Amino acid sequence: MTATTSRGVGEVLARCRAEGRAALIGYLPVGYPSVEGSIEAMIALVEGGCDIVEVGVPYSDPLMDGPVIQAAAAAALACGSRVDDVFRATAAVRAHGAPPLVMSYWNLILRRGVDRFAADLAEHGGAGLITPDLIPEEAEDWLAASDTHGLDRCFLIAPSSTAERLAVVTSACRGFVYAASTMGVTGARTSVSGAAYDIVRRAREVTAQPICVGLGVSTREQAAELAGVADGVIVGSALVRVLAGDGELSQRLESLRELVAQLAAGVREGVREGER
Amino acid sequence: MSQHPEAPASPPAQAPAPRPGRFGPFGGRYVPEALVPALEQLDEARLKAAVDPEFAAELARLHRSYTGRPSILTEVPRFAAHCGGARVFLKREDLNHTGSHKINNVLAQALLTQRMGKRRVIAETGAGQHGVATATAAALMGLECTVYMGKVDTERQALNVARMKMLGAQVVAVEHGSATLKDAINEALRDWVTNVDTTHYLIGTVTGPHPFPEMVRDFHKIIGEEARSQILVEAGRLPDAVIACVGGGSNAMGIFHAFVPDAGVRLIGIEAGGEGLESGRHAARFASASPGVLHGAMSYLMQDEDGQTVESHSISAGLDYPSVGPEHSWLRDSGRAEYRYAVDGQVMEAFQLLCRTEGIIPALESAHALAGAMEIGREVGPDALLLVNLSGRGDKDMHTAATYFGLLDGETS
């Protein structure tokens, strides 16, 4: 299996590694606070220093998400955001120089047709998919479509994953492996759990693929801590919360750039494993 | 009520490879990776229990001395006079301890919880019957219990909320989304993924990721096994049709399963037609839906063009769910079972009729099956022998029914 594809995230991760740092991956849902607003916000992520943008597709039943992202998804759907809008977002992010990875619950992709979704994504600058409720055993069609269209596929691993599961899941990934830092749903947490280090260490025993860690990261300090062990740090709810704040959109986007700049500094402060 | 038209569905995208947890193309395990080890542990525990005589003996003891099994079969001739003169028998799951079939599955899963060394159970509930049954089993076995229930449902089923609290369970009212059963399941899944080390998610119907649909069916199949022997004794032959309401579909799978090999017996599921298909406010999945994934399983699903879940509606909270157990989807597509729907008005007519003709107050869910029996009896005629699963009793529905019939204003109907 190839480690990445030409439109995938591999090149960016390799560049970050060459710079001796972890990548910063920022998540925002399409359609929040509006479709236009969300695209502007994703561009702000790139300008602020995100290396990869995780483009979330709002879904009616987001069972892996905590209250912040649930509320944003509900608001996005209420204001009429559609799956089609995702492709405008991916094209815009790509045009601003960062690879967009789409994060979507599986039924939205099934409904469009797995191959059609993959074709549309590739055509609109997409790098691949993060699939929070799809395990490789159920992913036959997606494995084929991602090969056909040259897309990355990031499956998740979790602290509960056994060694056997880690091997199965990581071998199906391309681009990077998404490691959930803790058991639970998305949302900022006050500290990085010890489970985060453990899951990265266990995953490294079975795969040479890059490993990016998400769930619960909200501060520069946490980003720095995780940057010491992971190839990338994923931040979601903390960014959505800034976007959900008071004030004009332009002010919130400014706050978003500031937070991203802090996090971007954090991933450059990581102490690599060998140096700890 | 009407026969469902041909489904507008295209075949599901996933190839129907024969593998565990699949019913034709339906079922599967569409879950966050974090839950896979727990599902594997559960699958192992239930397969081990299935061949363990000690487990069978303990469950049989509970059925006999706690639930009150076997549940009886009651012939209802005065009601049957409104079913085209057919002979109608009710399988009386309403007489079980806690008032519905739900206890069958709950006691078995609570035993498995103990075997897996977990000390906490969580559950979702719509009408409150599964929540009450889970709270009951938790009290009996000394387990901690949290029940998730949509806010709308806590209001229309307030009595059951009080019952769960009396039994020592914590009841969490879920306010987001449609604030009904599907949202309660989302919240229960979020709890489970966070606390999976100590907690078993005691799913109350034949939906969810493998092994739940198969396991819950197996814990309810006793309904059909008993009913099949009973009706052979009472009527001297197999019924022409077995009729049950279908929300998630556990009582229906429970009574259907033993009859699946009996090719001459029609298996008929009755969905909630709500305010009618044209109103958009219904839960008639087979009449309107197409295959999709919700809550871990591929099945018929009410969804919009993008794949977002469409909210269902029913006067009975227990049938108010936009998807359906995957085995029902397979029974339907393979032609072994038929599915129809009854609208709220028909259901309330059947509800009142059973009260007035037989002195039995059914659950609103079960009243859908009764409405089905009235129609099917008229179609088949006086020689028909119908077996109806009376899955629950109607105490919990008194407020809804009294409001519907204007009894709270001192009116009579």
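See the values below:
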| item | result |
| --- | --- |
| The range B:165-224-the range A:1-50 distance, computed between alpha-carbon centres (Å) | 36 |
| Volume in Å³ per residue [convex hull over Cα atoms, computed for chain B] | 134 |
| Relative contact order %, chain A, counting alpha carbon pairs below 8 Å whose residues are six or more apart | 22 |
| Rg over Rh, two decimals, the range A:1-132 (C-alpha only, Kirkwood Rh) | 0.96 |
| The range A:79-191 - convex hull of alpha carbons, volume per residue in Å³ | 131 |
| Chain lengthening between B:E58 and B:I72 when straightened (0.36 nm per residue, less Cα-Cα) | 2.9 nm |
| Total accessible surface hidden between A and B, rounded to 100 Å², 1.4 Å probe | 3100 |
| P(r) weight above 45 Å for the protein assembly as shown, C-alpha pairs, percent | 23 |
| Residues of the range A:88-122 buried by at least 20 Å² on assembly (accessible area, 1.4 Å probe, chain alone as reference) | A:W106, A:N107, A:L108, A:L110, A:R111 |
| Computed FRET value (nearest 0.05) for B:D383 with B:V233, which takes r as the C-beta separation and R₀ as 35 Å | 0.95 |
| ³J(HN,Hα) computed for each position of the range A:56-72 - Karplus, 6.51 cos²θ - 1.76 cosθ + 1.60, integer Hz, glycine/proline x | x, 9, x, 9, 5, 9, x, 6, 9, 10, x, x, 5, 6, 4, 5, 5 |
| Contact order normalised by residue count of the range A:186-276, Cα under 8 Å, 6+ apart, percent | 32 |
| Under Karplus coefficients 6.51, -1.76 and 1.60, residue-wise ³J(HN,Hα) of the range A:146-161 in Hz, glycine/proline x | 5, 5, 4, 9, x, 10, 7, 9, 9, 8, 9, 10, 9, x, 7, 5 |
| Average accessible area per residue (Å²) across the protein assembly as shown - probe 1.4 Å, nucleic acids and ligands excluded | 34 |
| Reachable lysines from B:K102, criterion Cα separation under 17 angstrom, eight or more residues apart if same chain | B:K91, B:K221, B:K396 |
| Among beta bridges that DSSP assigns inside the protein assembly as shown, antiparallel share in %, nearest 5 | 25 |
| Mean Cα-pair separation over length for the range B:76-164, i.e. relative contact order, pairs under 8 Å, 6 or more apart, % | 24 |
| FRET efficiency, 1/(1 + (r/R0)^6) with R0 35 Å, evaluated for B:E349 and A:A244 via beta carbons | 0.10 |
| Partner lysines for B:K118 [C-alpha distance under 20 Å; skip if fewer than 8 residues away on the same chain] | B:K48 |
| ³J(HN,Hα) computed for each position of the range A:125-138 - Karplus, 6.51 cos²θ - 1.76 cosθ + 1.60, integer Hz, glycine/proline x | x, x, 8, x, 10, 10, 10, x, 10, 10, 9, x, 4, 9 |
| Computed E for B:F405/A:A265 - FRET, C-beta separation, R0 60 angstrom, nearest 0.05 | 0.30 |
| The range A:1-45 residues near the modelled A:S171 label - backbone nitrogen below 17 Å, point 7 Å along Cα→Cβ | A:1-3 |
| Protection proxy ranking of B:33-40, A:75-82 - average other beta-carbon atoms within 10 Å, highest first | B:33-40, A:75-82 |
| Mean Cβ neighbour count within 10 Å, used as a protection proxy, ranking B:237-247, A:199-209 highest first | B:237-247, A:199-209 |
| Distance from the range B:67-110 to the range B:340-410 (C-alpha centre basis), Å | 13 |
| Highest to lowest packing among B:41-52, B:191-202, B:69-80, B:311-322, scored as the average C-beta count within 10 Å | B:311-322, B:191-202, B:69-80, B:41-52 |
| Per-residue mean of C-beta atoms belonging to partner chains within 10 Å, peptide B:195-208 | 1 |
| Residues with amide H under 5 Å from that of A:G56, placed H, sequence gap 5 or more | A:L28, A:V30, A:M103 |
| Peptide B:288-294 - average C-beta neighbours from other chains (10 Å radius) | 4 |
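The values are calculated or read from the model by the stated rules, or taken from the named source; none is laboratory data. Small disclaimer: the values here were computed from a predicted structure and weren't measured. Methodologically, a virtual Cβ is constructed for each residue, glycine included, from the backbone with ideal geometry; neighbour enumeration extends over all protein chains shown. Just the protein is used for accessible areas: all its heavy atoms, side chains included, with ligands, DNA and RNA removed. Shrake-Rupley method; radii C 1.70, N 1.55, O 1.52, S 1.80 Å.
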